[in-house]
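First the structure, in the form of structure tokens, and then the observations on it.
The values are calculated or read from the model by the stated rules, or taken from the named source; none is laboratory data. Because the structure is predicted, anything quoted here is derived from the model rather than measured. Heads up, the Cβs are rebuilt from the backbone with ideal geometry, glycines too, and the neighbour counts pull from every protein chain shown. The protein model used for the area step is the full one, side chains on, heavy atoms only, and it has no ligands, DNA or RNA in it. Shrake-Rupley method; radii C 1.70, N 1.55, O 1.52, S 1.80 Å.
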Amino acid sequence: MTTTLDETSGGAAPPNGGPKPITVGSRNNYVQLGVYVFIFVPFAALIAAVPLAWGWGLTWTDVILAVVMFEITGHGVTIGYHRFFTHGSFKAKRPLKIALAVAGSMAVQGPPIIWVADHRRHHAYSDKEGDPHSPWLFGTGPVAIAKGFWHSHMGWLFDRDITNKERFAPDLMADKDIVKVNDLFAVWTAVTFLLPAVAGGLITWSWWGALTAFFWAGLVRVAILHHVTWSTNSICHMIGDRPFVSRDRAANVWPLAILSFGESWHNLHHADPTCARHGVKRGQIDTSARMIWLFEKFGWVHSVRWPTPQRLAKISAGQEA
Ligand SMILES: CCCCCCCC/C=C\CCCCCCCC(=O)SCCNC(=O)CCNC(=O)[C@H](O)C(C)(C)COP(=O)(O)OP(=O)(O)OC[C@H]1O[C@@H](n2cnc3c(N)ncnc32)[C@H](O)[C@@H]1OP(=O)(O)O
């Protein structure tokens, strides 16, 4: 059976079918070097941060700037890249659309069109051959599971094919605003590191304050956001609860709910990919859904796909028989 995008994600993109390949070659060396640098430099800072936090550099200014940057860029990914651009869970006014694309780009996870194409491909082939980052492609058993964890968490980023953007993201490629934001990706990458440095320098009125803010609210914050995001691909496809029926191994992992802004209610997400709220049960924290609700109240978004009792009953495990 041929799996089409429309069947699986609900399709924010028009599924223009055809025999288009799912991948189109490999990344060039220049981009591959960028991936290494933008993964390892923040990661090195995160490792260094543990001893450094004991009395070197970390100030309340750095903590506040790091939290603010984490909130902006993290929600740029969850609300923007993920729920809006990939899955079309709501419609947004143009200024908000552009702001979400920029905020997502500042998470240093690649330009929006590539991110969205990869993620739609993930849903189309979830946990099967063709999924760019499933942990289950190596089989079962301890060694295969260890390999699978590494591959799904970050290994896939180092040695990977390029997802066919024409097939998986034609709607974004036809959107001039998004193409512009996409083309300026290197600028947003610079801004995401320089903004906290400039703010830290001005607030403390010192070069030292700029340096520590760059380290904590730039590098360390990006590294933490990277690993939280990647955990959705790795941990949330390996362990956790599966109260809803999905065609893959996606699971709900409650300890990640706060840091991932509600994205770790991943079982519901794969059972109902276009739903704007992932934490649908009582007590399931989902700050991304809260913010979408707020945007709706402000009139910035409309046509939000909120969960309905009928839909939830239909996808609940045990209800299908
Ligand atoms: C609280 C949050 C919770 C979130 C939960 C999410 C829920 C969803 C669930 C689960 C989904 C998870 C999904 C995870 C995905 C993670 C991905 C990562 O983490 S990536 C990490 C490392 N960072 C990078 O890889 C950036 C590296 N790239 C760069 O910095 C720049 O692109 C750079 C410096 C290499 C080049 O920048 P230039 O502006 O000079 O050049 P230019 O024009 O952009 O690129 C040239 C060509 O290469 C492509 N390209 C650029 N970056 C690419 C990339 N990362 N991958 C593939 N192609 C790339 C471009 O599209 C362009 O191709 P053309 O000419 O348009 O066909």
Residue that is least open to solvent (accessible area, probe 1.4 Å), among those in region 201-224 that are of a type in the set (Ser, Thr, Tyr) and assigned to a helix (DSSP H, G or I): Thr212
Tabulated pairs, region 276-293, first outside any loop (DSSP other than H, G, I, E, B), second of a type in the set (D, E, K, R), C-beta under 8 angstrom, 6+ apart or interchain: Ser288/Arg83; Ser288/Glu263; Ala289/Arg277; Ile292/Arg83; Ile292/Arg277
Given (1) within 12 Å of the ligand (Cβ to nearest atom); (2) under 30 Å from Thr212 (Cα atoms), index of the condition Arg160 fails: (2)
Any hit, region 85-103, residues being within 15 Å of Trp230 (Cα to Cα) and touching a helix residue (DSSP H, G or I) at 6+ places or on another chain (Cβ under 6 Å): no
Where Met238 falls short, out of the listed (1) near the ligand (Cβ under 9 Å from one of its atoms); (2) open to solvent by 20 Å² or more (accessible area, probe 1.4 Å): (1)
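Counting only residues that are surrounded by fewer than 19 Cβ atoms within 10 Å (Cβ to Cβ) and over 14 Å from Ala107 (Cβ atoms), which one in region 191-200 is nearest to the ligand (Cβ to nearest atom)?
Taking region 191-200 first, the residues surrounded by fewer than 19 Cβ atoms within 10 Å (Cβ to Cβ) are 191, 194, 198.
In the following step, the residues that additionally are over 14 Å from Ala107 (Cβ atoms) were identified as 194, 198.
Values: Leu194: 15, Val198: 20 Å.
My answer is Leu194.
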The lone exception for Trp230 - which of (1) within 12 Å of the ligand (Cβ to nearest atom); (2) closer than 24 Å to Val67 by Cβ; (3) touching a Phe, Trp or Tyr at 6+ places or on another chain (Cβ under 9 Å) it fails: (3)
Only listed residue being modelled with pLDDT under 95, over 16 Å from Val220 (Cα atoms) and touching a strand residue (DSSP E or B) at 6+ places or on another chain (Cβ under 7 Å), chosen from Gly18, Gly10, Gly25: Gly25
Every residue from region 174-190 that is open to solvent by less than 50 Å² (accessible area, probe 1.4 Å), among the aliphatic types (A, V, I, L, M) and within 20 Å of His226 (Cα to Cα): Ala190
Candidate set: region 269-321, residues that are open to solvent by less than 20 Å² (accessible area, probe 1.4 Å) and out of contact with any helix residue (DSSP H, G or I) (no Cβ under 8 Å at 6 or more places or on another chain); chosen: the one farthest from Ile72 (Cα to Cα): His269
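Could you run through region 131-181 and say how many residues are under 18 Å from the mean Cα position of the chain (by Cα) and in a helix (DSSP H, G or I)?
As a first pass, look at region 131-181 and keep what is under 18 Å from the mean Cα position of the chain (by Cα): 131-135, 149-158, 160, 162-163, 165, 168-169, 172, 178, 181.
Those left that are additionally in a helix (DSSP H, G or I): 149-158, 165, 168, 172, 178, 181.
The qualifying residues number 15.
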Residues of region 123-163 classified as in contact with a Ser or Thr (Cβ under 9 Å, 6 or more places away or on another chain) and either aliphatic (A, V, I, L, M) or farther than 17 Å from Met238 by Cβ (or both), total: 11
Enumeration of residues in region 53-76 that are in a helix (DSSP H, G or I), in contact with a Phe, Trp or Tyr (Cβ under 8 Å, 6 or more places away or on another chain) and among the aliphatic types (A, V, I, L, M): Val63, Leu65, Ala66
